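Some notes on the structure that comes next.
The values are calculated or read from the model by the stated rules, or taken from the named source; none is laboratory data. The model shown is predicted, which means the values in this text are computed figures rather than measured ones. Every residue, glycine as well, gets a Cβ built from its backbone with ideal geometry; the counts of neighbours run over all protein chains shown. Ligands, DNA and RNA are excluded from the accessible area calculation, which covers all protein heavy atoms including side chains. Shrake-Rupley method; radii C 1.70, N 1.55, O 1.52, S 1.80 Å.
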Amino acid sequence: MAQFVEGTPVAVNFTKDFITLNQETADLSAGKPETNYCLIELGEDELNELVAGKPVCIQETSAQKRGEVGSAALVTSSSTFELEYHENSNTLLIGSIGSSESKLPNSDQGLPECTVHGQVRGQVSLRPTVPDTQRLRDILQVHALGQQASNSDDAQPRGLSMPALQFEVAASPNELQALLDKGPYVEIDGAWRLLPSSLERDILDVSVSIVTARGWSPKAINVDDLFFEVQQYFGDASATCVPTVGTLLKGLKSITSEQVPLADGAQKGESAPTQLEGSSSAPPGSTLTLDESKVNQLRVLQLLRDAPAEVRRRFALPALQVRPKRARLGGTGAGRDGMALQLEELVGAFNAMTGTESSEEAVMEMLGQNAYVDEVEGTVHPMDPTTLPQEPKERLKRLFELKTHWRPEALSALIKPTLGAGIKIDVWLAKWTRVIFVEFTQGTELRMLVKKFAGL
């Protein structure tokens, strides 16, 4: 292939289907002409993948709001990128180099030729971003476990295979597999299904109750025995709620400290044998261990999910003085029984349930991101972080709908996972929030973040 040499004439030809994108000044108010070409600036790693023949594709991400169209993302075999378009007022042409039949003056050397195929308006750069977790959850929602089938066998949700998910979700294969392994998803007979949070709570509650009622050691629970007992509890619904050992193990993942390999013949997506002979003595290779601290987290979350009035009556909690400083934001119910549990009440109920002397700090550490404290009211509320929007600004908006004042460290931890690589969380928050100091307890000021704009 001929190469351009500085100072050497070049024969230039335009293809018959060449379309110019230039506009007259009088036409600037009209829509811009469509372009058939686009330049994408690839990094070295992405370019090497493309040269090696690895798949590189452009996929649509979830829309920020219902009814809107999502943006485009470029997905490689290992990463996901946002596409950012940069318009250029200079004329950019795309052409191919070849040889012309024309000769250079006073020479037998052929004149280089450039065939111009099209004109582009700018170029697209790549910015690393997080995989589309919202899209994954949305498309598997209709394949959730626990749904009752209608009379037609075809109506029973079957799940989606990995190739189908790769086609639908803007995420690299490695990122997608990590999301499936970490998130509330179960693979059954080669198809992935969603494990709803309500069903996961039922599996957790039932399993812990069975272990306690049977007197099994939480450090060595026979997987097959527990699977049998859980299926017995669900009865006819076990086929749709807990069809496999893998479903049970995923449901218990949040309270197990370690997970050993299953016994032979009980693969991840296969139904395990029913009940083993003998008690839950846990033969090697088919046992699991409950983490005491994670079980305590489950118990405190159970208290938050129960009706506040019932918790107060069950544990005979003393009446606490409600903070009189500010009017309550939103409906909190009539009287003390209708109000959410205060942090002090939650700690008192938990200590009464477990026979421990845990502090407020210890209880909040157990809850992690599964709950939040409204410092204005002093109340505690459950929160499922997996249901928060994936788009950073929409997530921030949702969090400020939950409460108006956030501690910087708590807000940063919830927003940071939604930001792409290279974006500093403190800089991003400074754009949308402002710092105030509030005295919730006399003599102690807390640094809090509130939204900067009313329309957020």
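Restricting attention to the range 232-245, the residues being surrounded by 22 or more Cβ atoms within 10 Å (Cβ to Cβ) and closer than 24 Å to L301 by Cβ number 2. Against the condition at pLDDT 50 or above, on the phi < 0 side of the Ramachandran plot, open to solvent by less than 30 Å² (accessible area, probe 1.4 Å) and under 24 Å from the mean Cα position of the chain (by Cα), how does L288 come out, does it pass? When the stated conditions are applied, L288 does not pass them.
For the range 360-374, the count of residues that are surrounded by fewer than 19 Cβ atoms within 10 Å (Cβ to Cβ), closer than 15 Å to Q134 by Cβ and either within 17 Å of the chain's Cα centre (by Cα) or of a type outside the set (A, V, I, L, M, F, W, C) (or both) is zero. Just name the residue that is nearest to S198 (Cα to Cα) out of those in the range 381-401 that are modelled with pLDDT of 95 or more and of a type in the set (A, V, I, L, M). The selected residue is L399.
Does the range 199-221 include one or more residues that are in a loop (DSSP other than H, G, I, E, B) and buried (at least 20 other Cβ atoms within 10 Å of the Cβ)? Yes; the residues of the range 199-221 include at least one that is in a loop (DSSP other than H, G, I, E, B) and buried (at least 20 other Cβ atoms within 10 Å of the Cβ). Considering the conditions (1) modelled with pLDDT under 75; (2) in a strand (DSSP E or B), N22 is excluded by exactly one of them, (2).
Could you check, for the range 310-327, whether at least one of its residues is under 33 Å from the mean Cα position of the chain (by Cα) and either at pLDDT 85 or above or open to solvent by less than 40 Å² (accessible area, probe 1.4 Å) (or both)? Checked the range 310-327: at least one residue is under 33 Å from the mean Cα position of the chain (by Cα) and either at pLDDT 85 or above or open to solvent by less than 40 Å² (accessible area, probe 1.4 Å) (or both). When W428 is tested against (1) open to solvent by 50 Å² or more (accessible area, probe 1.4 Å); (2) out of contact with any strand residue (DSSP E or B) (no Cβ under 9 Å at 6 or more places or on another chain), just one condition goes unmet, and that condition is (1).
In the condition set (1) open to solvent by less than 30 Å² (accessible area, probe 1.4 Å); (2) at pLDDT 90 or above; (3) touching a Ser or Thr at 6+ places or on another chain (Cβ under 7 Å), L111 is compliant with all but (2). Restricting the range 368-396 to residues that are assigned to a helix (DSSP H, G or I) and touching a strand residue (DSSP E or B) at 6+ places or on another chain (Cβ under 8 Å) leaves a set whose member that is nearest to R312 (Cα to Cα) is N370. Scanning the range 135-155 for residues that are in a helix (DSSP H, G or I), surrounded by fewer than 21 Cβ atoms within 10 Å (Cβ to Cβ) and modelled with pLDDT of 85 or more returns R137, D138, I139, Q141.
Sort out which residues of the range 78-100 are in contact (Cβ under 8 Å) with a residue 60 or more places away in the chain and exposed (fewer than 15 other Cβ atoms within 10 Å of the Cβ), and write them in order of number. Across the range 78-100, the qualifying residues are S78, T91, I97, G98, S99. Consider the range 31-77 and keep the residues that are hydrophobic (A, V, I, L, M, F, W, C) and open to solvent by less than 50 Å² (accessible area, probe 1.4 Å). The one that is modelled with the lowest pLDDT is A63.
Only one entry of E401, E409, E394, E439 meets the criterion of being loosely packed, with under 13 Cβ neighbours inside 10 Å, under 22 Å from R137 (Cβ atoms) and out of contact with any Lys or Arg (no Cβ under 6 Å at 6 or more places or on another chain), and that entry is E401.
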